[in-house]
Structure formats: C-alpha cells, structure tokens
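First up is the structure itself, then whatever we jot down about it.
The values are calculated or read from the model by the stated rules, or taken from the named source; none is laboratory data. All values reported here derive from a predicted model rather than from experimental measurement. Cβ placement follows ideal geometry from the backbone for every residue including glycine, while neighbour counts extend to all protein chains displayed. Protein only, heavy atoms only, side chains kept; ligands, DNA and RNA dropped before computing areas. Shrake-Rupley method; radii C 1.70, N 1.55, O 1.52, S 1.80 Å.
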Amino acid sequence: MAEQTTSHAINPDMDLLRFATAGSVDDGKSTLIGRLLLDSKSIFEDQLEAVESTSQSKGYDYTDLALLTDGLRSEREQGITIDVAYRYFATPNRKFIIADTPGHVQYTRNMVTGASTADLGLVLVDARQGLTEQSRRHAVILSLLRVPHLVLAVNKMDLVDFDEEIYEKIHKEFTSFATKLNIPDLEIIPISALQGDNVVTRSEKMPWYSGPTLMHHLEHVHVASDRDLVDVRFPVQYVVRPKSDDFHDYRGYAGMVAGGVLKKGDEVVVLPSGMTSKIAAIDLFDTEIDQAFPPMSVTVRLEDDVDVSRGDMIARVNNAPKPSQDIDAMICWMTNEPLRPRQKLAIKHTTRTGRAMVKDVQYRLDVNTLHRDQDTKELGLNEIGRVQLRTTVPLLCDPYSKNRATGSFILIDEATGVTVGAGMINNAS
C-alpha cells in the first residue's frame, strides 16, 4: 500500500464543507484543487509521482496539478473539465467535499449539478482577463441556487507580477456586480494556484493583501447557521422492518433530516395523511440519540402504529408544509429537446415521485444581464426560466429561499429515465 503524504487523522466529528468551483475555461479550477490537495497533504505519494510523470511526458516544465482531478481521457487530452469531478480531503479543522465543475457554456447543466448542494461557491477569474461573461454567468447561477457563501479567487497573479492595481480593479468590478445578486457572504482573494501563493500558505509576494488565505477561509467559514433549524422536515426514504428475533417489533422510518431539529417526545404529524403521534426514539446506526438535525441521516420511531411509507413527510403539528400541486419554479433545462407548455414529465421531490405537466413558461432569464425575456415560451439546453407546473401528486414543499432541500426537485423524461431539468420552487399553492 502506498504511503500517504499526510499524517492528519480524519475526525468523524469535524464539520463538513461542500464547495463547488466555477469560472471560465482555463481559469485554473482543476489546478487550484490539485494545489489544495497537495499542500494540505491529502494525496498519496504514488498519485503525485504519476502526475509528475505524465507532466514530463507531455513536455511540461511544471507539475500539472489539474491531472489530479481531470480523470476522463477526453478531459486530459483537451486540457479542460467536462464532467463534475468530486474530491474529498480533510485538514485537522474540517472535512471537505469539492465539486470541480466545468467552465464551458455547453456544460452549464453540469455546473448546476455540482453547485446545487454546495455550502460555498468558489469562482475563479484569470487576473489577466478580469471578469468574463462566464464568470458572471456562474456567479448568477450560484446566486439562483442560493449558495450562501461566495469566494472570488483572482488567480494567476504570478502572470501579472502580483500587481495590486489589477486585483483592486477586479475587486471593485465584481463587488459592484454582486450588489445585483443575492450573495450574503463574499470574500475576494488574490492567489496563484500554480505556485501556491495565498492558497494554503500566505504569499510574501503580495504584502499589500491582508485578508485570509483561501484554505484559512474554507476552514473557518461558518455554515451551521445556513441550514433551517426551525421548520422540522423529515422526508421518509425507507421503512425499516428487520423482522428478526432481536428486533421482532421494530418499526422505524429512515431518511435525511431536511430541516429543523427532531427530538424524542416531540409531537409530529405525518403528511399527507395528517395522522399525529410522538417521536418515541431516534436511532443513528445502532445508537439511540436525543435529537437530530440537518443533514443527519437517522431512523425515527413513533409511539403510535400509524401508516407511514416512502414519500411521506414527518413535520411539527403546528408547522407543517401545505401539500401543493400548482408549482411556480425556476428551472434549469438540461437536454437538447426544448421545454414547452403542455409537456408531461416525471417529477421527483425529496423522496416523493409523481408526474407533472408544464402549464406555462413565463420567461427565460438571461444569466449575463438578468433580463427576463417574456417573449420566449420555451427553454433550450442550459437555459434557465420561470415555469408553472401542475403535479399529479401533492408536493410537501417549501420555497427554495427557505429550504434548499424541500424547495428543489428534478424533472425526468419518462421514456428514457434521464434527468432533463432541475427546479427551485418560488412558491406553491
């Protein structure tokens, strides 16, 4: 077994940060992730040796750290990222899941997929190029997806001689642009992913910059309060009935907590039936716990033998979502065949599935200018627009701005089983 270049033991109690990289092609996203993995000592020695060997065989005079994330042959041949690449690493302070998303316009749907579950969006810009159309596009998408924290990494500062004026120009331009978006927390950091300046260690070449390094910010950004800890939402994924001698009468309901805090003894309602009961116990693996909160996956036991099945939702009696069949949502369309009125699709919302019909396409959003094109009544590949849906089953949903888990859904082509759209609910009735 290869030796690992890290001595960090992963503490299972550390909190987790999911972040997605975004930006234009050649801004250095994959190189930055490779630098984070290398400088945090989170890769194996044989992995590094393989990357060094491949870099030499390609005639590079440097180690191409992008090869640590661009795993597809087509990605390596073209030097671009096509699909979302997920990487996992940890420092003594935190665990991380990185989604390395593509920069090309035609892969916007892949970028939406990678960013949809992110706590933080990391947008890179090339210091030589400044803000591009794709930089703005990705910032808008991250805002639409309600990613609560955004970092603008001004990369390749080594190629502009670490010029403070260039950084300040980009800083001012992006700060002005961000005022039009819903970005609660913004940090702008000058870096060189290739040389490692301000990535993990502070750069001596930019004494004019007094803010945090990228790694320090990632380790210390506060995300616990981003989740809804007030409104209890527990979509049931699976009914646990072991029927063994040791657990002959065991009946539990497994799923991931989507909102609020579940506690033993709480009075709850099961939707859509409306039956009420109390929480008898909460199980985490083989241990009983007193409470559960997002995004924990647990099994809930109830005091009463009520009818509960996959797709149902457990909520507080006086704070439950209203079942809704008329849905108003922003949709990112992900296939070549356009989305049109009267179209019928399968819909999956939390653990509940059904069918939906497109009632109306209200407008298409220009993600570069934020202009609403109300003359267009269809959505093409990678386009985002506001759509009215009617579903065959009531959805137990919240506005996406309130809860990203219960406020989102996917649309599926019933003939092929392929996901063709991702939706963010504005409101429902």
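Observations, loosely collected:
- Evaluated against (1) in contact with a Leu (Cβ under 9 Å, 6 or more places away or on another chain); (2) open to solvent by 20 Å² or more (accessible area, probe 1.4 Å), Val232 falls short on exactly one condition, (2).
- Residue check for Ile425: part of a strand (DSSP E or B) and farther than 30 Å from Phe177 by Cα: no
- Taken together, the residues in the range 321-348 that are open to solvent by 70 Å² or more (accessible area, probe 1.4 Å) and within 13 Å of Lys359 (Cα to Cα) amount to 3.
- Residue count, the range 311-320 (criterion: in a strand (DSSP E or B) and open to solvent by 40 Å² or more (accessible area, probe 1.4 Å)): 2
- Thr369 fulfils the conditions (1) open to solvent by 20 Å² or more (accessible area, probe 1.4 Å); (2) under 24 Å from Met256 (Cα atoms); (3) of a type in the set (Ser, Thr, Tyr) except for a single criterion, (2).
- Cβ pairs under 6 Å, 6+ apart, first in the range 240-264 and within 16 Å of Leu302 (Cα to Cα) and without any contact (Cβ under 8 Å) to a residue 60 or more places away in the chain, second of a type in the set (Asp, Glu) and surrounded by fewer than 17 Cβ atoms within 10 Å (Cβ to Cβ): Lys264/Asp290
- Any hit, the range 351-360, residues being open to solvent by 10 Å² or more (accessible area, probe 1.4 Å) and in contact with a Cys (Cβ under 7 Å, 6 or more places away or on another chain): no
- The residue of the range 212-229 that is nearest to the chain's Cα centre (by Cα), among those that are open to solvent by less than 40 Å² (accessible area, probe 1.4 Å) and more than 18 Å from Asp39 (Cβ to Cβ), is Val223.
- The range 276-291 - residue that is farther than 20 Å from Val306 by Cβ and not β-branched (Val, Ile, Thr) and, of those, surrounded by the fewest Cβ atoms within 10 Å (Cβ to Cβ): Asp286
- Listed by position, the strands (runs of 3 or more DSSP E) inside the range 194-310 whose residues that are out of contact with any Pro (no Cβ under 7 Å at 6 or more places or on another chain) and at positive phi number at least 3 form an empty set.
- When the range 377-429 is filtered for residues that are of a type in the set (Ser, Thr, Tyr) and open to solvent by 40 Å² or more (accessible area, probe 1.4 Å), the ones remaining, listed by number, are Thr392, Ser401, Thr416, Thr419, Ser429.
- In the range 159-174, the condition of being under 18 Å from the mean Cα position of the chain (by Cα) and not charged (D, E, K, R) is met by no residue.
- Checked against (1) in contact with a helix residue (DSSP H, G or I) (Cβ under 9 Å, 6 or more places away or on another chain); (2) closer than 16 Å to Pro235 by Cβ, Ile425 meets all criteria but (1).
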